[in-house]
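Read the figures in this text as sums done on the coordinates, not as results from a lab. The structure displayed is predicted, hence computed values, not measured ones. For neighbour counting, all protein chains shown are included, and Cβ atoms are generated from backbone atoms with ideal geometry for every residue, glycine included.
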Amino acid sequence: MSPALTPKKLVTIVCEAELEALLLPELKRQGARGYTLTEARGQGDRGVRDGAWRASSNIRIEVLCDDAVAGKIVDMLQTRFYADYGIVVFVVDASVLRPAKF
Amino acid sequence: MSPALTPKKLVTIVCEAELEALLLPELKRQGARGYTLTEARGQGDRGVRDGAWRASSNIRIEVLCDDAVAGKIVDMLQTRFYADYGIVVFVVDASVLRPAKF
Amino acid sequence: MSPALTPKKLVTIVCEAELEALLLPELKRQGARGYTLTEARGQGDRGVRDGAWRASSNIRIEVLCDDAVAGKIVDMLQTRFYADYGIVVFVVDASVLRPAKF
């Protein structure tokens, strides 16, 4: 692979579209230096009791960042949003070309 | 990384938009507990003989699941859809915050 | 995981929507055999001096390919586009079902 690449974390958040205005400033506060947002739709369990999939209008937000910022974002989401919102977060290892940007 | 994260698989399926109604129940049947869908477009080879890229209206479906379900989804796609449809599937390692959901 | 899967690279490019017509032929020239494109929006630093996030209409292009082609795409982007455009590139390890296609 190109020597120009350095390891970073790709944090992907899928949540209700209404959360955008609330979430973006929080991401920046935790150290995110940018984001990519795509419109999405999806379904998922709300809990163990109700196995049915719910349809909803979602957004999918990606943030490239270092390990420390990824951890802070995950912790912030867990503390502030998980109890009240249908939100999914996953982290993937990524090699990024322009590391100085993140 | 946050101790709240646990390893899962992110299965991404890119296919013709018309396949949505056929595919989603199959994913659930293989054990998927939710999905994220985005509208996409793309091009790819249909086969070796014709090297031209074809444009088409696609969907991009993501499923977070454990190893076993990922394997079942891949096998189902290969058995039921690969011969007849332009479909792409790839699997990525992901660390997921809310493992009980998948 | 299914034995039908083989390791590839998933190259994701996020850039201004206007770059599409310029970028796609370049990807093909470097050996990409297909792509998936989704509309996106996002913000990021333009540089060190201006820390504000800029909003813009973006596209998100994904290419599945082998290591060599991924390296060529990254090098091409760095050489031809990085100085003049707001562009983000990252590479993720992916297991792909239909390897003959990429």
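Data overview
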| item | result |
| --- | --- |
| Per-copy distances of the B:D67 label point, shortest first, in nm (7 angstrom along Cα→Cβ) | 2.3, 2.3 |
| Packing-based order for C:21-32, B:85-96, using average beta carbon neighbours within 10 Å, highest first | B:85-96, C:21-32 |
| Cα gyration tensor shape for the range A:6-94, rounded if a/c is under 1.5, else prolate or oblate | prolate |
| Shortest-first distances to equivalent copies, position B:Y85, nm, label 7 Å out along Cβ | 3.1, 3.1 |
| Partner chain coverage, peptide B:27-38 - average Cβ within 10 angstrom | 5 |
| Shielding of A:57-64 by partner chains, average beta-carbon count, 10 Å | 4 |
| Label distances, nm, B:P25 versus same residue in remaining copies, Cβ-directed 7 Å point | 4.6, 4.6 |
| A:A68/C:A83 FRET efficiency (R0 41 Å; Cβ-Cβ; nearest 0.05) | 0.90 |
| Inter-label distance, nm, simple model (7 Å from Cα along the C-beta direction), A:K28/B:K28 | 4.0 |
